[in-house]
Amino acid sequence: MIPLHRPSLGHEELEAVREVFESGWLGLGKKVADFEAALAEFLGVRHVVCVNSGTSALYLSMLALGLGPGDEIVMPSLTFVSGLQAALFAGMRVKFCDIEAETLNLSVSHLEKLVTSRTRAVLAFHCSGLPCDLDAVLSLCRERGLWTIEDAAHALGSLYKGKRIGGFGDATCFSFDPIKLITCGEGGAVVVKDKSAEQRLRSMRNLGMEKDAWRFHAQGERREHKVCTRGLRLHMSDLNAAIGLVQLKRINDFIKRRQEIARYYDACFAGVDGLRVIYRQSPNTVPFNYIVHVPGKGNILIEHLNRDGIQANHPYMPNHLQPLVNQPLGSLPVTESIYADLVAIPLHPSLTDQEVEKVCQSVLTAFQKPR
Ligand SMILES: *Cc1c(COP(=O)(O)O)cnc(C)c1O
């Protein structure tokens, strides 16, 4: 099977892990600090805090912004379940927003209708690396006094108005799980706007402690255990950060190859009746996955690709239709009418040219149009 996603890991990542292993300090330490500094430089921002997953990044962002029980957050339904679970775990109430069919990003006009006096935050998602209408979201949030949190799990490296996603909202969350642009094995990061938010995140990711243990260790000081805020153990470890540091050095190659494959697919699918490629604003965005919209043929295309040894899937089940939520049908017409006919096909840097061509041929033959 040609997989949908596959991390590109090599000898250098393995050596980096070996080095941490041999150092005897495996947990939260200098490698995490180095990875945070490298990410800050790549993104062009100042305050980056690394945690153990993208989901933890979303959860801690909400807590660090002071959100909690009774507060309402609005988010798109058609996305990964992380943002929903983070908000529910923080005790929040969730309202779901519809999307634009062209981009699969949130519909600002629907968002405006959903905001009430109880709303405290918006979770903006950049689907498949394409930034949502951030100007409109940020200005709505400013006007109504809401926090903007960004789920940028798909958008590492993407540009919005010439600047990398990362410095726009009050908190921007990234994921480094094994299918993302770069991986740490597992991991996540939060970008915030000021030192005090950064401090809150640093202490909340590590049991509310003011200073991380490794700093005492590195400086030969006696360890203090002063605790001023609530916190959990959600920090990144040096083992994971070491992998991320190597991956970040390779990021430009990953971006280039993903964009190259996406352009190849674009050219191949141009003019195929009944198949629409989701808008991507190439070359400013780094495509996380390659999604096609095939009205009435979603499952047929997936089964056809699977028979040819190619993994393919619906990108997401809408969260408002998950058994956990079970919102009645009819509230999000675009999301509900489109999701079953969206198909993600393989996109990752280690695909060979032959594999890319095989995926193209398989899609074309599903539409009786071999070339
Ligand atoms: C990957 C991902 C996350 C976070 O995932 P983790 O696996 O917890 O790192 C959140 N949102 C979206 C859209 C994602 O794709």
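Values in this text are rule-based calculations from the coordinates and carry no lab data. Given the structure is predicted, the values throughout are model-derived calculations rather than measurements. Neighbour counts are summed over all protein chains in view; Cβ atoms, including those assigned to glycine, are modelled from backbone coordinates with ideal geometry.
Which length gain, in nm to one decimal place, applies between HIS217 and ALA101 when the Cα-Cα distance is subtracted from 0.36 nm times their residue separation?
The HIS217-ALA101 span can extend by a further 36.5 nm.
May I ask you to order 179-188, 216-225 by the average number of other C-beta atoms within 10 Å around their residues, highest value first? Let's see the in-between values first.
Values: 179-188: 23.5, 216-225: 9.9.
Ranking, from highest mean packing down: 179-188, 216-225.
Could you give the distance between the Cα centres of the stretch 1-79 and the stretch 205-266, to the whole Å?
Taking the Cα centre of each part, the stretch 1-79 and the stretch 205-266 sit 5 Å apart.
List the residues of the stretch 1-43 whose backbone N lies under 16 Å from a point placed 7 Å from the Cα of GLN361 along the Cα-to-Cβ direction.
Within reach of a label on GLN361, which here means backbone N under 16 Å from a point 7 Å along Cα→Cβ, the stretch 1-43 contributes 1-2.
Could you derive backbone 3J(HN,Hα) for the stretch 148-165 from the dihedral phi with the Karplus parameters 6.51, -1.76 and 1.60 (θ = phi - 60°), listing whole Hz in sequence and x where the residue is Gly or Pro?
For the stretch 148-165, the Karplus curve yields 10, 10, 10, 8, 9, 4, 9, 10, 4, x, 6, 9, 10, 6, x, 10, 4, 4 Hz.
Under 8 Å for C-alpha pairs, at least 6 residues apart: give me the relative contact order for the stretch 178-329, rounded to a whole percent.
Reported as a whole number, the value is 18 percent.
Relative contact order for the chain: what percent, with Cα pairs under 8 Å and sequence separation of 6 or more?
23
Return the lysines within reach of LYS180: Cα separation strictly under 16 angstrom, same-chain partners fewer than 8 residues apart disregarded; answer none if there are no such residues.
The qualifying lysines are LYS249, LYS256.
Would you pull out the residues with amide H under 5 Å of LEU78's amide H, same chain only if 5 or more places away, H placed 1.01 Å from N?
Sorted by chain and number, the residues that satisfy this are ASN319.
Please state the relative contact order of the stretch 300-346 as a whole percent: Cα pairs under 8 Å, 6+ residues apart?
Values: 41 pairs, mean separation 21.6, N = 47.
Averaging sequence separation for qualifying contacts and normalising by length gives 46 percent for the stretch 300-346.
How far apart, in nm, are two points set 7 Å out from the Cα along the Cα-to-Cβ line at VAL227 and at VAL277?
Distance between the two pseudo-spin positions: 5.3 nm.
Of the DSSP beta bridges with both residues in the chain, give the percent that are antiparallel, rounding to the nearest 5.
60
Which value in deg cm²/dmol, rounded to the nearest 500, describes the helix-derived mean residue ellipticity at 222 nm for the chain, given -39,500 (n - 2.57) per DSSP H run of n ≥ 4 and division by the residue count?
-11500 deg cm²/dmol
Please list, in order along the stretch 321-330, the HN-Hα scalar couplings obtained from phi with the Karplus expression 6.51 cos²θ - 1.76 cosθ + 1.60 (θ = phi - 60°), rounded to whole Hz, x for Gly and Pro.
9, 5, x, 4, 9, 6, 6, x, 5, x
Which value, in debye to the nearest 20, gives the size of the charge dipole of the stretch 82-165 about its Cα centre, when Lys and Arg are +1 and Asp and Glu are -1 at the Cβ?
380
How would the chain be classified by its alpha-carbon gyration tensor: rounded, prolate or oblate, with rounded meaning a/c under 1.5 and the a/b versus b/c comparison settling the rest? Provide the component values of the computation, followed by the final result.
Working: a/c = 2.16, a/b = 1.30, b/c = 1.66.
The shape class here is oblate.
If each of LEU26 and GLU210 carries a label point 7 Å out from its Cα toward its Cβ, how far apart are those two points in nm?
Going by the 7 Å Cα→Cβ label model, 3.1 nm.
Given points 7 Å out from each Cα along the Cα-Cβ axis, report the GLN85 to LEU159 separation in nanometres with one decimal.
The modelled label-to-label distance comes out at 3.5 nm.
Taking the dipole about the Cα centre of the stretch 280-359, with the C-beta of Lys and Arg at +1 and of Asp and Glu at -1, give me whichever of ALA312, ASN284, LEU329 is farthest to the positive side.
LEU329
Would you look at the GNM of the chain, springs on alpha carbons closer than 10 Å, and say which of ASP133, ASP353, ASP266 moves the most?
Comparing ASP133, ASP353, ASP266 in the GNM, the peak value goes to ASP353.
What shape does the stretch 201-246 have by the C-alpha gyration tensor, where a ≥ b ≥ c are the square roots of the eigenvalues, rounded means a/c under 1.5, and otherwise prolate means a/b greater than b/c and oblate the rest?
It is oblate, given that a/c is not under 1.5 and a/b is not larger than b/c.
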